[in-house]
Number of protein chains: 2
Amino acid sequence: MEIKLGRLLIGRTLKTDELKDEKFNVFWGLPILSSDPISSVAYAGEEILLVLVSVLGIMSYKYMFYASLCIVFLMCLLVFSYRQTIDNYPNGGGAYIVAKDNLGTIPGLTAGASLTIDYILTVAVSTSAGTAAITSAFPSLLPHKISITLAMILLLTIGNLRGIRESSKIFGIPTYFFVISVLAMIVVGIVKVDIFGYMPKPLYEIPKATGDITILLFLRAFASGCTALTGIEAVSNGIPSFKDPAQKNAKKVLGLLAFVVLVIFGGLSYLATLYHAVPNPDQTVISQIAIQVFGQGAVMYYVIQATTAIILIMAANTAFAGLPLLLALMAKDGFMPRQFTKRGKRLGFSNGIIVLAIMASVLVILFRGETHLLLPLYAVGVFISFTLSQTGMLTRWFKIKEKGWRHKAFINGLGALVTFVTVIIIGITKFIHGAWIVCILMPVIVITMMKIKHHYGLVAEQLKLDIHEKPKCIDFSEQKRYVIIPIDTLNKSFLKALNYARTISDNIIIFHVSVDDVATAKLIKKWEEYGLGIPIVVKKSPYRNIVGPLVKFIESEEYAAGPMDTVTVVMPQFVVAKWWGNILHNQTSLFIKTMLLRRRNIAMVTIPYIIEE
Amino acid sequence: MEIKLGRLLIGRTLKTDELKDEKFNVFWGLPILSSDPISSVAYAGEEILLVLVSVLGIMSYKYMFYASLCIVFLMCLLVFSYRQTIDNYPNGGGAYIVAKDNLGTIPGLTAGASLTIDYILTVAVSTSAGTAAITSAFPSLLPHKISITLAMILLLTIGNLRGIRESSKIFGIPTYFFVISVLAMIVVGIVKVDIFGYMPKPLYEIPKATGDITILLFLRAFASGCTALTGIEAVSNGIPSFKDPAQKNAKKVLGLLAFVVLVIFGGLSYLATLYHAVPNPDQTVISQIAIQVFGQGAVMYYVIQATTAIILIMAANTAFAGLPLLLALMAKDGFMPRQFTKRGKRLGFSNGIIVLAIMASVLVILFRGETHLLLPLYAVGVFISFTLSQTGMLTRWFKIKEKGWRHKAFINGLGALVTFVTVIIIGITKFIHGAWIVCILMPVIVITMMKIKHHYGLVAEQLKLDIHEKPKCIDFSEQKRYVIIPIDTLNKSFLKALNYARTISDNIIIFHVSVDDVATAKLIKKWEEYGLGIPIVVKKSPYRNIVGPLVKFIESEEYAAGPMDTVTVVMPQFVVAKWWGNILHNQTSLFIKTMLLRRRNIAMVTIPYIIEE
């Protein structure tokens, strides 16, 4: 039943050599790799307004425009910087690789940790924002916000476990739909007001101004809007997915991406100003604008909401493609549990997908699916990875000093500086709103990764055979074989274990821990009736501890085996057909095994005894 | 560290023969065994009012009095019935035993299931009500209601794991404190109004009447108040804990208990009428009365609240004594997992204690620590067990027909009838408020218990040795020993496994599942260089499955062993010092073991390889 359900959801298992990547040209590369940054315009403008509107009132729109300008400028700078990364890392230049390559392990791990946090947040934020687009159109769904968001994550998880990358071109279409419908809204919205002289009536009242603009307030607004720049790295990460000339195509996509974001982010900011949209927990800013432009209930209104929701889900999907790959990369380097390198039934990195889904779901539940509660955690990590990646490029130029390196170093240096300043701004202005969580998590993750590496190193070192080490050539059959069989009661499973033990040794001791004198006396009597000549040793255990006396006995002087001899312990194990059957039996044998396995010279033999049901 | 913490909390391990029960006389037996029924007056009256007040307004107090009267009558009937149970079951006559003894397995299990549900609810309800007593006095703690309740459960759990029964006399004192302080409040409250002519001002407004009394409404009020009768069974259960003459003492305690409940339940109902207390989510009825009688901030007010909270915690504690014992009893009969019969380090039934704590905590969280949301689930089970126990006694009289049996049968028959009618009333009036949950749970639990019994029966049957079955006497050393060693890479842990295998057999095959051609070629080359003459078999696994090919190989024709020969599989196992180390390794060997153990003729040998850290 379970297996069938799994198969229905995930699909048939694929062979390893069925692994192949689709390559895309610029036309498909743009929408597939850029759904994350393009979709973030759905919430970035709103976040800026949210910071400003309660203080500045109607004046907010002016400063929103300035903040947007700064963000667009920052984006252009990043595009130029990343073009250089693309040139230098034809196999994909994520921040982890660039930083590790050029700056060393700790900066690399820091970038890896911040990217990990960001991918998880991408899923949580994008699905929450997608839900907000839906609940804006259908307010009756508002109480089910969290469930809807979790359902989205579940769907993405199943889809990615199936390996939806196979048919990824389909995922380019929603991005174009979104861009086109938003462009239509921008054009209609501007024409309606500026040409036909329509006077917009705000859906919600603009709060009265309570103060004046301050630098801190403006920086907070700017920091809030910086979430629009998340996901730009996806393009430089995705170079191997491009058709040849891959690097050239990637650079084209990067440029186009910047242009698209510029147009729709700018256009939406302008519309928000024209139509005086006011951030509201029940309805997104885009939804308010769309209602005023197209009218409540208009088909185009629903088109806007639907395409917004879908592109946000696509954005979350990019994290499902990105994080498992990053984890596999870090696991291959030994910084993450090795399981992340294993491909699942459908050749996706299943463990990474599942971990991502769980973490994102936990975030959604903790932050009650509120986009603006999650966002303060978001941008810090992104900009830390930007900074590290740019700094990495900068040092690279100083090292290789190729033709025109000064010019290139200047661009990356400026990028590093500006993104670093942005990290500081975001860190300070958003610290109490949640950035502190990231500041605590980052070093914890980095230290954990170092510990993991250390552990794997130790294991490898201790397992490694010296070049000249060969198996011993002594006559093994001559060795004395010490066998102990613990007994509780005389039954068929014990007899099976005994029979096996007799095939490997004639030096057997039966060992019994007594917690009940009457039962023990009965056992000994029965055993002696068998007359096999195999000795039985009984130890009393007043503290009802079974394992302790056994271990003590093995280590004791009474027992013939020397400290260097291997002792074989033979134990029967119940095997019940149904999993819940195990709950019904004392797992004493499991405890015994766990304890004994800590000894150096032991062999644990398990004889299964199957219970039919 | 863990071990030390555990020891600090739980205390040193006790020897089995340190098990002894303290015996108590009537003076201590009363408070210790009756904290549950006595404490329920803290919420029973309030629940009656809650049902009535929104409909009847000021008229509620009159019908509250009538409902209380019915409940007190019911209690007297139960006392007479249970006196007869005490006479007949000197070793403790819980509903489970009485019903199983006289009515058969299914009624016994039904009683057991309902008692189990009730004990869990006793903990959840009593701790929630205890918290309500605290938050009434300190309203600033209201937002932490659930945490406080969970902390109480945790404390009780630790206390009971330590085995607080040892010093149980101390637990009698709070009951007396509670009774005395409530009596004082009753006397002062009555004197103040009836003699000094004080005119009480209700703290909360009494709602306007919106309707008239109906039979259904009255029955609902009665059903709500029936929670006052929970826990009466504790006395007949606890007979073995009394000093001789145990049965006589138990009967005395039962009579005294009824008298105490009569006085304080009656007294509190009368005070509620005098002072017009109105149920309110933020303040209990008792707290309202205490404020009016003693004045806000008076010492006596805090004494009332404190003793109420403490006796409620004591009531929860009785469930911690009762349920683990009941579970152990049912486990001994094979209806519950055998682990419930094991005594922990401090000789308490630790598993039962822990299960109870978890279940009660879950209930508290699900019902947000609201007493009146939990209560509708409570009384159904109690009265089902009452009915079954009384019916059991009734049939007993018909069977044994001892002197005066008609009179006794009449009392138990009346008890059975009245409690049965009460079950119906509670079931119907409280069905939609939560009683339905119990109606679903009961059959589920009973069926589960039957399944458990069936399972243990099967296991015992299949393990049992026939009287004449003896170990075989063939020459075991003559047997051919087939050994397979799976290999992934050549390393020290593999070599250790190989060395062991060579001591038990010279018929070894190395088995390798290939998922990577290059690595496999390297492995084979290295192996052949050793020149040990041990064959290596390689199977390709395009689906990256390791276990499948191994199992298939063992079962295949290629392999020399016949279907009846035992195959020994020798596998190294990593043992890492820290638990988290295990997360970092693929648990392939664990999967292999689990799969192989389902085969009938296999011996799994585990060779630990310890990684130093």
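Within the range A:404-450, the set of residues being under 19 Å from the mean Cα position of the chain (by Cα) and either more than 19 Å from A:THR230 (Cβ to Cβ) or of a type in the set (Val, Ile, Thr) (or both) comprises A:ILE437, A:VAL438, A:ILE440, A:PRO443, A:VAL444, A:ILE445, A:VAL446, A:ILE447, A:THR448, A:MET449, A:MET450.
Restricting attention to the range A:12-29, does a residue exist that is among the polar types (S, T, N, Q), buried (at least 22 other Cβ atoms within 10 Å of the Cβ), at pLDDT below 90 and in a helix (DSSP H, G or I)?
Start the filter on the range A:12-29 by keeping residues that are among the polar types (S, T, N, Q), which leaves A:13, A:16, A:25.
Then keep just the ones that are buried (at least 22 other Cβ atoms within 10 Å of the Cβ); that gives none.
Within the range A:12-29 (the criterion being among the polar types (S, T, N, Q), buried (at least 22 other Cβ atoms within 10 Å of the Cβ), at pLDDT below 90 and in a helix (DSSP H, G or I)), the answer is no, since none of the residues qualifies.
Taking the range B:329-353 as the range and being part of a helix (DSSP H, G or I), within 14 Å of chain A (Cβ to nearest Cβ) and touching a residue at least 12 places away in the same chain (Cβ under 8 Å) as the test, the residues that pass are B:MET330, B:ARG338, B:GLN339, B:PHE340, B:THR341, B:SER350, B:ASN351.
Determine, yes or no, whether B:LEU33 is on the phi < 0 side of the Ramachandran plot, buried (at least 16 other Cβ atoms within 10 Å of the Cβ) and at pLDDT 85 or above.
no
From the list A:ILE213, A:ILE195, A:ILE206, which residue is of a type outside the set (Asp, Glu) and without any contact (Cβ under 8 Å) to a residue 24 or more places away in the chain? Only one candidate qualifies: A:ILE195.
Yes/no matrix, rows are residues, columns are (1) without any contact (Cβ under 8 Å) to a residue 40 or more places away in the chain; (2) assigned to a helix (DSSP H, G or I); (3) buried (at least 24 other Cβ atoms within 10 Å of the Cβ); (4) not assigned by TED's automatic domain parsing to the domain that holds A:MET449:
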{"residue": "A:TYR61", "(1), (2), (3), (4)": "no, yes, no, no"}
{"residue": "A:LEU69", "(1), (2), (3), (4)": "yes, yes, no, no"}
{"residue": "A:THR85", "(1), (2), (3), (4)": "no, yes, yes, no"}
{"residue": "A:GLY92", "(1), (2), (3), (4)": "no, no, no, no"}
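The single condition among (1) within 21 Å of A:THR230 (Cα to Cα); (2) among the aliphatic types (A, V, I, L, M); (3) touching a Pro at 6+ places or on another chain (Cβ under 7 Å) that A:VAL53 does not satisfy is (1). Between a first residue in the range A:138-154 that is of a type in the set (S, T, N, Q) and a second residue that is in a helix (DSSP H, G or I) and surrounded by 12 or more Cβ atoms within 10 Å (Cβ to Cβ), which pairs have beta carbons less than 6 Å apart while being 6 or more apart in sequence or on different chains? Within 6 Å, the pairs are A:THR149/A:THR127; A:THR149/A:SER128; A:THR149/A:THR131; A:THR149/A:VAL364.
Figure legend. Inter-residue proximity from the range B:426-454: first residues farther than 15 Å from B:ILE120 by Cβ, second residues of a type in the set (Ser, Thr, Tyr) and in a helix (DSSP H, G or I), beta-carbon distance below 6 Å, spacing 6+ or different chains. Indicated pairs: B:VAL446/B:THR110.
Kindly check whether there is at least one residue in the range A:508-528 that is assigned by TED's automatic domain parsing to the domain that holds A:ARG481 and on the phi > 0 side of the Ramachandran plot. Checked the range A:508-528: no residue is assigned by TED's automatic domain parsing to the domain that holds A:ARG481 and on the phi > 0 side of the Ramachandran plot.
Any idea how many residues of the range B:569-605 are under 22 Å from A:ILE611 (Cβ atoms) and in contact (Cβ under 8 Å) with a residue 12 or more places away in the chain? Full working, then the answer.
Residues of the range B:569-605 that are under 22 Å from A:ILE611 (Cβ atoms), as a first pass: B:569, B:590-604.
Subsequent filtering for residues that are in contact (Cβ under 8 Å) with a residue 12 or more places away in the chain retains B:569, B:591-593, B:595-596, B:599, B:601-604.
Selection size over the range B:569-605: 11.
Considering the conditions (1) within 32 Å of the chain's Cα centre (by Cα); (2) under 24 Å from B:THR175 (Cβ atoms); (3) buried (at least 20 other Cβ atoms within 10 Å of the Cβ), B:ALA277 is excluded by exactly one of them, (1). Among the residues in the range B:487-507, are any hydroxyl-bearing (Ser, Thr, Tyr), in contact with a helix residue (DSSP H, G or I) (Cβ under 6 Å, 6 or more places away or on another chain) and more than 9 Å from every other protein chain (Cβ to nearest Cβ)? Scanning the range B:487-507, I find no residue that is hydroxyl-bearing (Ser, Thr, Tyr), in contact with a helix residue (DSSP H, G or I) (Cβ under 6 Å, 6 or more places away or on another chain) and more than 9 Å from every other protein chain (Cβ to nearest Cβ), so the answer is no. Taken together, B:SER126, B:SER147 contain a single residue that is surrounded by fewer than 24 Cβ atoms within 10 Å (Cβ to Cβ), assigned by TED's automatic domain parsing to the domain that holds B:ASP282 and assigned to a helix (DSSP H, G or I), which is B:SER147. Filtered by the rule that a residue be within 26 Å of A:ASP333 (Cβ to Cβ), more than 8 Å from chain A (Cβ to nearest Cβ), not in a strand (DSSP E or B) and not small (Gly, Ala, Ser), the range B:566-610 gives B:LYS578, B:TRP579, B:TRP580, B:ASN582, B:GLN587, B:THR588, B:LEU590, B:PHE591.
Scan the range A:487-514 residue by residue and report those that are in a helix (DSSP H, G or I) and closer than 17 Å to A:PHE553 by Cβ. Walk me through how you get there before you give the answer.
Restricting attention to the range A:487-514, the residues satisfying the condition of being in a helix (DSSP H, G or I) are A:492-504.
Listed by number, the list holds a single entry, A:ALA501.
Among the residues of the range B:286-319, write down those that are more than 16 Å from B:GLY130 (Cα to Cα) and polar (S, T, N, Q). Passing the criteria: B:GLN292, B:GLN296. Just checking, does the range B:237-248 include any residue being at pLDDT 85 or above and in contact with a Phe, Trp or Tyr (Cβ under 7 Å, 6 or more places away or on another chain)? Within the range B:237-248, none of the residues are at pLDDT 85 or above and in contact with a Phe, Trp or Tyr (Cβ under 7 Å, 6 or more places away or on another chain).
The values are calculated or read from the model by the stated rules, or taken from the named source; none is laboratory data. It should be emphasised that the depicted structure is a prediction, and the values quoted were computed from it without experimental measurement. Glycine also receives a Cβ, built like all others from the backbone with ideal geometry; neighbour counts cover every protein chain displayed.
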